[in-house]
Amino acid sequence: MARVNAVDALEVIPSGKALAAEVRGIDLALESPQDVRSALKKAWADNLVLLFRKQKLTDEQLLAVADIFGGHQSAGSRDYFIKAGYKPGETDRVAKHPDISIVSNLDKEGRPVKVTEAVGSSELDWHTDNSYVDVPPAGSLLLSYIVPVKGGGLTSFNNQYLAYETLPADLKKEIEGKHIRHDNLRNTAGRFRPTVQAPKTREDIKGPAHPIVRIHPVTGKQALYLGRKYEWPSSHVVELDDAASEALLAKLWQHATQDKLKWTHDWAVGDLILWDNRCTMHQRTTIDHTQPRVMHRALIKGEPVISAWKPVAAA
Ligand SMILES: [Fe+2]
C-alpha cells in the first residue's frame, strides 16, 4: 500500500511570536487523508502562517497542497504579462500552468539580476497578495527551490487580527464604514505593470474597493485589510478626500506594521510557507542580486471579502 501521511505524526510548533507555526511530521508529496487535512486546516486557522521544511514538490503537487486549503486561482499579474506579449512557459515571467507563479530574480538567460519585468531582487514592502482583484486569494503557498547562499530575501509576516484588536479606539471609530480602493496598476515592488499608464488622479485608480476591516470566513475574527501602500495617487479611502485619506492611511500603516506583530523567516531550500492573505501581510528584504533565488508560488482560492461593516446574517 502507498505511504500516506498520518495525523498522529503531525506536530505543530508555534513560533512564540505574534503568528506562525512550524508543522513537522508530514511529507506533502504524499497523500493526506481527511483527518490530516482537517488538522492542517485547523493549524492554519490557529497560526495564520505555517512553515513546512524539506518539501520536494512538483508544480502539480504544490497545487494539490493548495487543494487541501480550498483550491487554487491564477495570479492577477499574469494577464498583464500575457497582454505585453509574454508567452506562457517560454520565460520565468509567465509559468506554463496558469495557477503557478515563478518568483525569481533571474533574467531571460537565467542569470540573477537586480531588476526584472517582475519584482526582481527588490525589497518588497508590506502587502497582501492580489488585494487589487475583486476576489483576492485566501492565502499563498511559496516553495523555495534556490536560495541565496550569502543570505538576503528574508520574508516577514504580521498579524492583522492583532493590528485591528490593538488599534486605538479613536482610529477604530474613524475607519468604521470605510473602504480602500486598491491600486492594480503597480506590482509589489511599486513599479508599473507592463502596458500600464501612470495615474494622475485618484479617478485613474480602477481597482476594487474593499472594507478596511474584513471578517475571516473561518475564524469569524476581524482583521485590518490594507493591501499595499504606494506613492500618491494610488490606493485611497473611498469615503475621504485626498488629504484626509493619505493622513488616515499613514496612521493605519504605522500601526499595522509594528515589529511586535511580526515573525521573520530565513529560507532554506525545500521550505514551504503557507500564509493567510485575509489576516496577515508580508514583506521581503532585498536579495543580493549576484545570488539566484527561485521560488514557486500558488494562490489559495479566495471567497468574496466579508465586510465588517455589513450586519452578519444570524447563524
Ligand atoms: Fe507577496
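The values are calculated or read from the model by the stated rules, or taken from the named source; none is laboratory data. Remember, it's a predicted structure, so these values are computed and weren't measured experimentally. Every residue, glycine as well, gets a Cβ built from its backbone with ideal geometry; the counts of neighbours run over all protein chains shown.
Of 148, 137, 194, all but one fail to be in contact (Cβ under 8 Å) with a residue 60 or more places away in the chain and either basic (Lys, Arg) or within 14 Å of the ligand (Cβ to nearest atom) (or both); the exception is 137. So is residue 199 in a loop (DSSP other than H, G, I, E, B), in contact with a Pro (Cβ under 6 Å, 6 or more places away or on another chain), touching a residue at least 24 places away in the same chain (Cβ under 8 Å) and not aromatic (Phe, Trp, Tyr) or not? Yes: the conditions hold for residue 199. Scoring residue 121 on the criteria (1) hydroxyl-bearing (Ser, Thr, Tyr); (2) modelled with pLDDT of 95 or more; (3) within 16 Å of the ligand (Cβ to nearest atom) leaves a single failure, condition (2). Scanning region 167-191 for residues that are within 16 Å of the ligand (Cβ to nearest atom) and not β-branched (Val, Ile, Thr) yields 182, 183, 184, 186, 187, 189, 190, 191.
Using the structure shown, decide if residue 134 is acidic (Asp, Glu) and under 18 Å from residue 272 (Cβ atoms). Considered against the rule, which asks whether it is acidic (Asp, Glu) and under 18 Å from residue 272 (Cβ atoms), residue 134 comes out as no.
Note on region 258-289: residues that are in contact with a Gly (Cβ under 8 Å, 6 or more places away or on another chain) and away from the ligand (no atom under 16 Å from the Cβ) amount to 3.
Checking the structure you have, find out if any residue of region 164-178 is in a helix (DSSP H, G or I), small (Gly, Ala, Ser) and surrounded by fewer than 21 Cβ atoms within 10 Å (Cβ to Cβ). Within region 164-178, one or more residues are in a helix (DSSP H, G or I), small (Gly, Ala, Ser) and surrounded by fewer than 21 Cβ atoms within 10 Å (Cβ to Cβ).
Residue count for region 76-107 under the criterion of being in contact with a Leu (Cβ under 9 Å, 6 or more places away or on another chain) and either under 21 Å from residue 153 (Cα atoms) or free of Cβ contacts under 8 Å to residues at least 60 places away in the same chain (or both): the result is 5.
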